[in-house]
1. Please find, within the range 88-104, the residue that is nearest to Q3 (Cα to Cα) out of those that are loosely packed, with under 15 Cβ neighbours inside 10 Å and in contact (Cβ under 8 Å) with a residue 40 or more places away in the chain.
2. In the range 40-70, which residue that is within 11 Å of the chain's Cα centre (by Cα) and open to solvent by 50 Å² or more (accessible area, probe 1.4 Å) is nearest to Q115 (Cα to Cα)?
3. For the range 50-76, what are the residues that are of a type in the set (S, T, N, Q) and either more than 17 Å from V2 (Cα to Cα) or at pLDDT 95 or above (or both)?
4. Somewhere in the range 22-38, is a residue within 23 Å of Q115 (Cβ to Cβ), touching a residue at least 40 places away in the same chain (Cβ under 8 Å) and open to solvent by 60 Å² or more (accessible area, probe 1.4 Å)?
5. Look through G31, G16 and report the one residue that is at positive phi and either part of a loop (DSSP other than H, G, I, E, B) or of a type in the set (S, T, Y) (or both).
Amino acid sequence: QVQLVESGGGLVQAGGSLRLSCAASGRTFSGYVMGWFRQVPGKEREFVAATRWSGGSTAVADSVKGRFTISRDIAQNSMYLQMNSLKPEDSAIYYCAAGKPRIWVAGTEYDYWGQGTQVTVSS
């Protein structure tokens, strides 16, 4: 079955960096969009970034533009989120997702989700 497994979260000071990884398995993701979302308990899930598995288009939320970079490595069957200049408001559980969304920022249109990885940014 399809599995998305996130890793790389942790505790970092404001201004620091983290690199999240999402290991994908269980099917061919050609034609899929791979995305990163985040959620703070009690708040709505928020789109962070997405990219086509086959390459080309990417999208990044305005709140992280210029600080976060999404990438993927087909040979490693993995997707990454490089997060620089982290702020306390970036603290959340970060989720990896895969699907064929018409609207990339709509989490409801993704079919597969990972279990999440916690990112905590201290001030």
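1. Among residues in the range 88-104 that are loosely packed, with under 15 Cβ neighbours inside 10 Å and in contact (Cβ under 8 Å) with a residue 40 or more places away in the chain, the one nearest to Q3 (Cα to Cα) is K100.
2. It comes out as E46.
3. As a first pass, look at the range 50-76 and keep what is of a type in the set (S, T, N, Q): 51, 54, 57-58, 63, 69, 71, 76.
Listed by number, the residues that qualify are T51, S54, S57, T58, S63, T69, S71.
4. Within the range 22-38 (the criterion being within 23 Å of Q115 (Cβ to Cβ), touching a residue at least 40 places away in the same chain (Cβ under 8 Å) and open to solvent by 60 Å² or more (accessible area, probe 1.4 Å)), the answer is no, since none of the residues qualifies.
5. G31 is the lone residue from the list that is at positive phi and either part of a loop (DSSP other than H, G, I, E, B) or of a type in the set (S, T, Y) (or both).
The values are calculated or read from the model by the stated rules, or taken from the named source; none is laboratory data. Since this is a predicted model, take the numbers as computed values, not measurements. A quick note on method: Cβ atoms are made from the backbone with ideal geometry, for glycine too, and the neighbour counts reach across all protein chains shown. Accessible surface is based on the protein model in full, side chains and every heavy atom, while ligands, DNA and RNA are left aside. Shrake-Rupley method; radii C 1.70, N 1.55, O 1.52, S 1.80 Å.
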